[in-house]
Amino acid sequence: MTSFWAKSIRAAFCYLLLLWGTGFLVAQKASPFAIPGRPPPPPKILPSQLPPPKKITPPVKKLPSPYDLRGCYQFEGKWYFALYHKTTRESAWLSWEQNSTGVTHAGDVFVFDPENYKVTHESSNPQVAYESIDLAEASKASGAAFNPTSPSAAKPAKKAPVPPVRKAPPRGLVVPGPKRK
């Protein structure tokens, strides 16, 4: 048997829970201060429900290739092309077949286009892209052509007259030497 006081405390506690519950339900209703016709604000998203952040990738840099295409030829169904590295001054002949995807040289991949005589340079670094390499034009000779002649037929060149050298007094501050007694 429970006492009167225990029953009255239990009843008061239940009454308070009932009041608080209805108070919470009333608080969740639409606010009288909200703007009519506007939808309610979206529910708050917990940090565990946030979408994953977008992966930021840096822009790809388009650089001129450090290689030159110096020559190419086809022999027995294979294409051969010469690449010249501008900074190390080294060249290499690479072979390319019609059904291959590319040729690996010095860690990079090169794809030859036999119709246009171009090489596509694909870098091993994903942030760097190289421009396609065109066939380099032959360097043109500068100056007069070499015409060998016999040494007896060569005429000595006339020397230009040398103007006489005039002695002029020294310029600037002149300090006289010590006087003797």
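When the GluC sites (Glu not before Pro) in region 52-136 are filtered for DSSP coil states and for at most 14 other beta-carbon atoms within 10 Å of their beta-carbon, the remaining sites are GLU76, GLU115, GLU131. Every pair of different Cα atoms in region 61-134 enters the Kirkwood calculation, which places the hydrodynamic radius at 12.5 Å.
Among the lysines, which fall within straight-line cross-link reach of LYS159, defined as a Cα-Cα distance under 30 Å, with same-chain neighbours fewer than 8 residues apart omitted? Cross-link targets: LYS167.
Taken together, the values in this text are just the output of simple stated rules run on the coordinates, not laboratory data. This is a predicted model, so every value here is computed, not measured. Every residue, glycine as well, gets a Cβ built from its backbone with ideal geometry; the counts of neighbours run over all protein chains shown.
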